[in-house]
Amino acid sequence: EQVREHAGLARDPAERHEEMDLRVVRAFERALQTGFEYDATMTAPNPGEDPIEMFLFRTRRGHCSYFASALAAMCRAVGIDARVISGFRASEFNDLTGLYVVRQGHAHAWVEANTAPGVWIVADPSPVASVSLAHRPRGGVLGAIRQAKEAAEHVWITWVVGYDQNRRMSIFGVPKLDVGGFNLRLERLTTLNAREPSSRLLWAGAIGVGLVG
């Protein structure tokens with residue numbers, strides 16, 4: 001109520017979907033981002049103490065789940081439906097593979113709030129700078145070695161572990177699930193004139209694809 005009143009956003013909790021709902025959610029989001037401290041360590045509440053109340057009124061610090069839970073509770077307290085979403089924050093990019101690396105340590109929580117009929121907006125009340133610092137990838141020589149190691153693992157998984165029939169079929173230009181077309185092209189390769197150098201190369205390649213699979 002203090003945050004809402006400070007922002008000059010009066011709202012009847014009994015009403016559903018008011019024009020200012022989006023502004024109310026953003027006001028709560030900003031208040032948590034600027035007035036609370038991000039801390040990845042776990043803090044246990046006192047016996048009988050609600051964890052969200054501990055975060056809002058006593059410690060004023062915690063990890064992303066505390067921030068998200070607090071925002072959802074604040075929204076619901078004034079009549080705005082809200083839910084906590086748990087997932088991952090993909091922020092580490094591997095330049096060698098051109099892909100994002102998602103680790104267990106990148107787990108994150110945020111909120112979706114219903115600000116209009118059928119409209120759910122995303123709100124992340126965790127301090128942006130603190131979360132980015134906590135999820136910052138390792139730099140320097142060790143970081144470069146780690147990227148190279150993970151790039152090698154990606155190649156191994158993609159071209160050895162994950163080298164299934166669909167991938168073999170795509171190399172031959174056959175649409176996925178068209179097993180008949182794949183077998184037909186293999187049969188055509190086997191009937192090529194073996195005395196022609198180009199035919200020998202194609203046949204050798206087909207055998208290699210089959211053996212690796």
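The values are calculated or read from the model by the stated rules, or taken from the named source; none is laboratory data. Nothing here was measured: the structure is a model prediction, and the numbers come from that model. Positions of Cβ are generated from backbone atoms using ideal geometry, with glycine treated the same way; all protein chains shown enter the neighbour counts. Heads up: the accessible areas ignore ligands, DNA and RNA and are worked out on the full protein's heavy atoms, side chains in. Shrake-Rupley method; radii C 1.70, N 1.55, O 1.52, S 1.80 Å.
What net charge do the residues around P45 carry, taking every other residue with its C-beta under 14 Å from that of P45, with Lys and Arg at +1 and Asp and Glu at -1? Intermediate results must be reported in sequence, preceding the final value.
On the way: positive: R58, R60, R61; negative: E49, D50, E53.
Local charge sum for P45: 0.
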Residues with beta-carbon under 14 Å from that of R16, excluding R16: net charge, scoring Lys, Arg +1 and Asp, Glu -1? -4
Rounded to the nearest 0.05, what FRET efficiency do R26 and A107 have when you use their Cβ-Cβ distance and R0 = 22 Å? 0.35
Give me the distance in nm between label points sitting 7 Å out from Cα along the Cα-to-Cβ direction at I145 and D12, one decimal. 6.6
Computed accessible area, W120, all protein chains, 1.4 angstrom probe, square angstrom: 100
When 1/r is averaged over all different Cα pairs and the result inverted, which Kirkwood radius in Å belongs to region 1-110? 15.7
Please list, in order along region 105-118, the HN-Hα scalar couplings obtained from phi with the Karplus expression 6.51 cos²θ - 1.76 cosθ + 1.60 (θ = phi - 60°), rounded to whole Hz, x for Gly and Pro. x, 8, 4, 8, 10, 8, 10, 10, 10, 8, 9, 7, x, x
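Sorted by average packing, counted as other Cβ atoms within 10 angstrom per residue and highest first, what order do 54-62, 74-82 take?
Values: 54-62: 16.4, 74-82: 19.2.
Final packing ranking: 74-82, 54-62.
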Evaluate the distance, in nm, between pseudo-label points positioned 7 Å from the Cα of I121 and of R76 along their respective Cα→Cβ axes. 2.1
In whole percent, how big is the carbon plus sulfur part of the accessible area of region 10-136, probe 1.4 Å, protein atoms only? 54
Contour minus Cα-Cα span, T158 to F88, at 0.36 nm per residue, comes to 23.0 nm
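Please compute the per residue accessible area over region 38-79 with all protein chains in place, 1.4 Å probe, rounded to a whole number of Å².
Numbers: 2200 Å² over 42 residues.
Normalised by residue count, the accessible surface of region 38-79 is 52 Å².
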